Amino acid sequence: MKSTTVSIKESVTIPLHLSDTEVFILESLAVDDEKADRYEGKILEQMLRMCGKAPVYYYFRTKLEFIELLKEFQKSSYRYLHLSCHASPTEIYTTYETIPLSEFCSILGSHLKNRRFFMSACEIGNNIASTAMFGTSKGMYSFAAPAEKIRFDHAAALWSAFYVRTGDLHVEKKKKRSNGDVTKIVSLNIQAINETLQKLCDLFGVSFYSAWYDPRADQQKVVDISIAPSVPSTIKKATGPMKDC
């Protein structure tokens, strides 16, 4: 299942200043979720369209489909990859398959160069997963995901709010290039991402993990933080139709 089309450019690695501040959504759920119509990624696409954005949405069921869709993302001009699926701290699940973290990171490879990666998947937000991803995805700007289980309804609302809010926080800058041309760059800094996540963690009572590549650090290292609710949560974990994702 897919909707809309994606603009493809000849280069397989789009420079930052040429990328679009749009969201490329990939989703894979369990068969029971499909029957219950719990398509969080589809809801996100509809919300972004309401905001005047041009998201791309693809649904997949197998590892091979995921691999092919990553190629489409890399060829596109879209800056943000959003993956909605089930996961554990060490595994990622498609509809029909289980992908070990090490293999998942190998699949990601160089597809995330000059991009930001957001995962809506339970418990995958952790240092082990992040270290493995940055180890194989050279040039990836940042990664963020839930550090614990999160309800389907909360995930759909949280991510919609995240992209709507951060869409208003992009900063436009002008950069003079070596040939004298002036290029307009629209960017979203990691501080804005983390501050937005903190507010949403407070609202929904869920913990997140955020990591990013810092070229200004002494050894150009990956920096990470855990983002927890500022106050103890009184939100109940879901059962039944609103189960954890």
Are there any pairs, at least 6 apart or on different chains, whose C-beta atoms fall under 6 Å, with the first in the stretch 146-172 and more than 13 Å from Leu200 (Cβ to Cβ) and the second of a type in the set (Lys, Arg), and if so, which?
-> Phe152/Arg38
Based on what the data block shows, is Glu22 surrounded by fewer than 22 Cβ atoms within 10 Å (Cβ to Cβ) and within 13 Å of the chain's Cα centre (by Cα)?
-> yes
Checked Gly135, Gly52 against criteria (touching a helix residue (DSSP H, G or I) at 6+ places or on another chain (Cβ under 8 Å) and surrounded by fewer than 16 Cβ atoms within 10 Å (Cβ to Cβ)); the one match is Gly135
Within the stretch 95-122, work out how many residues are of a type in the set (S, T, N, Q) and either buried (at least 22 other Cβ atoms within 10 Å of the Cβ) or within 20 Å of Val31 (Cα to Cα) (or both).
-> 3
Which of (1) aliphatic (A, V, I, L, M); (2) closer than 26 Å to Ser77 by Cα; (3) in contact with a His (Cβ under 8 Å, 6 or more places away or on another chain) is the odd one out, the single condition Val206 does not satisfy?
-> (2)
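Ala145 - would you say it is buried (at least 22 other Cβ atoms within 10 Å of the Cβ) and more than 20 Å from Ala54 (Cβ to Cβ)? Break it down stepwise before answering.
Details: buried (at least 22 other Cβ atoms within 10 Å of the Cβ): yes; more than 20 Å from Ala54 (Cβ to Cβ): yes.
The answer is yes for Ala145.
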Kindly indicate whether any position in the stretch 167-188 is modelled with pLDDT of 90 or more and either among the polar types (S, T, N, Q) or closer than 22 Å to Leu29 by Cβ (or both).
-> no
Taking the stretch 78-94 and keeping residues surrounded by fewer than 18 Cβ atoms within 10 Å (Cβ to Cβ) and in contact (Cβ under 8 Å) with a residue 60 or more places away in the chain leaves Tyr93
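Within the stretch 48-66, restricting attention to residues that are outside any loop (DSSP other than H, G, I, E, B) and within 16 Å of the chain's Cα centre (by Cα), which residue is farthest from Thr98 (Cα to Cα)? Spell out the reasoning first.
Restricting attention to the stretch 48-66, the residues satisfying the condition of being outside any loop (DSSP other than H, G, I, E, B) are 48-50, 56-59, 63-66.
Then drop every residue that is not within 16 Å of the chain's Cα centre (by Cα), which leaves 48, 56-59, 66.
On the way: Leu48: 30, Val56: 25, Tyr57: 22, Tyr58: 19, Tyr59: 16, Phe66: 12 Å.
Within the stretch 48-66, the match that is farthest from Thr98 (Cα to Cα) is Leu48.
With respect to Ser88, is the statement that it is modelled with pLDDT under 95 and of a type in the set (Ser, Thr, Tyr) true? Give the derivation first.
Numbers: modelled with pLDDT under 95: no; of a type in the set (Ser, Thr, Tyr): yes.
Considered against the rule, which asks whether it is modelled with pLDDT under 95 and of a type in the set (Ser, Thr, Tyr), Ser88 comes out as no.
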Report, ordered by the first and then the second residue, all pairs with beta carbons closer than 7 Å, sequence separation of six or more or different chains, a first member in the stretch 215-233 that is over 21 Å from Asn126 (Cβ atoms), and a second member that is loosely packed, with under 10 Cβ neighbours inside 10 Å and modelled with pLDDT of 70 or more.
-> none
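The rows are residues; the columns are (1) assigned to a strand (DSSP E or B); (2) out of contact with any strand residue (DSSP E or B) (no Cβ under 9 Å at 6 or more places or on another chain).
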position: His111; (1), (2): no, no
position: Phe118; (1), (2): yes, no
position: Ile124; (1), (2): no, no
position: Ala132; (1), (2): no, yes
position: Lys138; (1), (2): no, yes
position: Ala144; (1), (2): yes, no
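The values are calculated or read from the model by the stated rules, or taken from the named source; none is laboratory data. Computed from a predicted model, the values in this text were never measured in an experiment. No Cβ is skipped: glycine too gets one built from the backbone with ideal geometry, and neighbour counts run over all protein chains shown.
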